[in-house]
Amino acid sequence: PIVPVRARGLTIEGADGRRYLDCLSGAGTLALGHNHPVVLEAIRKVLDSGAPLHALDLATPVKDAFVDELFRTLPAGLADHARVQFCGPAGTDAVEAAFKLVRAATGRAGIMAFAGAYHGMTAGALAASGHAPDVRVARLPYPQEYRCPFGVGGSRGAELAARWTEAVLDDPRSGVPLPAGMILEPVQGEGGVIPAPDDWMRRMRRITAERSVPLIADEIQTGVGRTGAFWGVDHSGVTPDVMVLSKAIGGSLPLAVVVYRDELDVWEPGAHAGTFRGNQLAMAAGTATLVHVRENGLAERAATLGARMLSRLRALAGEHPCIGEVRGRGLMIGLELVDPGGAEGWEDGTACAEVGTGVAAGADLPVAAPQPGPLVPGPAAPELAAAVQRECLRRGLIVELGGRHASVVRLLPPLTITDEQSAAVLDRLADAVEAAARTHTDPDHGTRPPGPGRRQRPSGRAEGER
């Protein structure tokens, strides 16, 4: 219901004169927020220069500057031996190009992807996403704490996920031939803001390297400082064979590229092309964004501020049983909403509120005693999540929904958000959760006591802590 007419930084002004705090940021595209001065200056400079705005694959000073800055930020193990392919303007086209690349380089056809993934809406990218209607890609379990596919969570759940991957690759009767590549997100975004454990990421790198399977890192949403490191793979120290990039690298304008190891560069010229792969304004805006993030330490700032926001949100979860889990990395944050009258508890039937103490990471509180079985998470509550989103909008806050059942409220604020603005965002979100929870409480079920220990894991580690 918003008709934006002006925007700056975190703020959007609607045609009705209302102002909103934008924590969607173009699905993570606006690393510096709306109309940042360095982006506008870069665009104006190209416009005023008389340079061509459309250059296909021709080399230009604007393009050279973008490539130089991009390669300066890449993981060293990749930047030293890499090629770059400019694609069509959307990230999904970069995914398609990456699939073509690894298939040409390996002579194999299959792709391995993960449950809950989102890689785009074109045919090949959609087939590798978690909601694919026609499965043509081998699907693997993605480790997560709250809804672990093996029911155990933590490092044990990640270990089982890795073993499953090895078994699928090594079992001659698994039904999955050795693939052309494996694609993964360092943090699943649309899948519900689920950070991959660093040890598991390193395990995936070893598994693929030992079997000569190119590893494709989808950094379309996690890149350019979003997760508290310049690239999501930087947390684990993993160097992928291929990186697909879009969103923030264009500085708010359409741009997508594939960066890959030079040994994979076996495809013919023109094997992947697109009319708008030479977008000069996007390259200029992207260069300005990359430089500003790097020179001003915005990735480190995202890590610090994101940790504070997660801590406060976990405290909020201790007050509201309808928040099943708070998770995220850097300024990529999610709250999973659940039915507060549902079946969350320990597998032996013990209610979560009856055991343990302490939810917030680092809280100076006792740790829960180990329990006999894994935690059974509460039922997803997409209607409640939608109600929270509506209540946020009424309070002038724009948030996104995601997750397996659209039950995760997502925050993707610009990296330039201030301490004061982050406090305002969390105040509005807390009010929205309280209002939505009050409206949606079922009097026949009631609510569980909001004791701060109701989601403590047997490991004694707080949820979302990596």
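The values are calculated or read from the model by the stated rules, or taken from the named source; none is laboratory data. Just so it is clear, the structure is predicted and the values come from calculations on it, not from any experiment. All Cβ positions, glycine included, derive from the backbone under ideal geometry; neighbour counts span all protein chains shown. Note: areas computed on protein heavy atoms with side chains; ligands, DNA, RNA excluded. Shrake-Rupley method; radii C 1.70, N 1.55, O 1.52, S 1.80 Å.
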- In this structure, does Ala161 turn out to be farther than 30 Å from Leu53 by Cα, in contact (Cβ under 8 Å) with a residue 12 or more places away in the chain and in contact with a Pro (Cβ under 6 Å, 6 or more places away or on another chain)? yes
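On the given criteria, is Thr289 out of contact with any strand residue (DSSP E or B) (no Cβ under 8 Å at 6 or more places or on another chain), open to solvent by less than 10 Å² (accessible area, probe 1.4 Å), assigned to a helix (DSSP H, G or I) and of a type in the set (S, T, N, Q)?
yes
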- Restricting attention to the range 237-279, and to residues there that are aromatic (Phe, Trp, Tyr) and assigned to a loop (DSSP other than H, G, I, E, B), which single residue is most open to solvent (accessible area, probe 1.4 Å)? Phe276
- Message: Among the residues that make up the range 322-337, is at least one of them more than 24 Å from Ala42 (Cα to Cα) and open to solvent by 50 Å² or more (accessible area, probe 1.4 Å)?
- Response: no
- Query: Could you list, in sequence order, the residues of the range 379-420 that are of a type in the set (Asp, Glu) and either closer than 30 Å to Arg294 by Cα or assigned to a loop (DSSP other than H, G, I, E, B) (or both)?
  - Reply: Glu400, Asp419, Glu420
- Message: So, restricting to helices (runs of 4 or more DSSP H) that lie completely within the range 1-104, which ones have at least 2 residues that are over 30 Å from Val233 (Cβ atoms), out of contact with any Gly (no Cβ under 9 Å at 6 or more places or on another chain) and not aliphatic (A, V, I, L, M)?
- Response: 37-49
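Quick check on this structure: which one of Ala98, Ala65, Ala104, Ala42 is more than 23 Å from the chain's Cα centre (by Cα), open to solvent by less than 30 Å² (accessible area, probe 1.4 Å) and at negative phi? Break it down stepwise before answering.
Numbers: Ala98 fails: more than 23 Å from the chain's Cα centre (by Cα); Ala65 fails: open to solvent by less than 30 Å² (accessible area, probe 1.4 Å); Ala104 fails: open to solvent by less than 30 Å² (accessible area, probe 1.4 Å).
Criteria check complete, one pass: Ala42.
Can we say Pro197 is without any contact (Cβ under 8 Å) to a residue 12 or more places away in the chain and more than 20 Å from Arg103 (Cβ to Cβ)? Full working, then the answer.
On the way: without any contact (Cβ under 8 Å) to a residue 12 or more places away in the chain: no; more than 20 Å from Arg103 (Cβ to Cβ): yes.
It is false that Pro197 is without any contact (Cβ under 8 Å) to a residue 12 or more places away in the chain and more than 20 Å from Arg103 (Cβ to Cβ).
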- Of those in the range 208-234 that are open to solvent by less than 10 Å² (accessible area, probe 1.4 Å) and without any contact (Cβ under 8 Å) to a residue 40 or more places away in the chain, the residue farthest from Gly328 (Cα to Cα) is Thr208
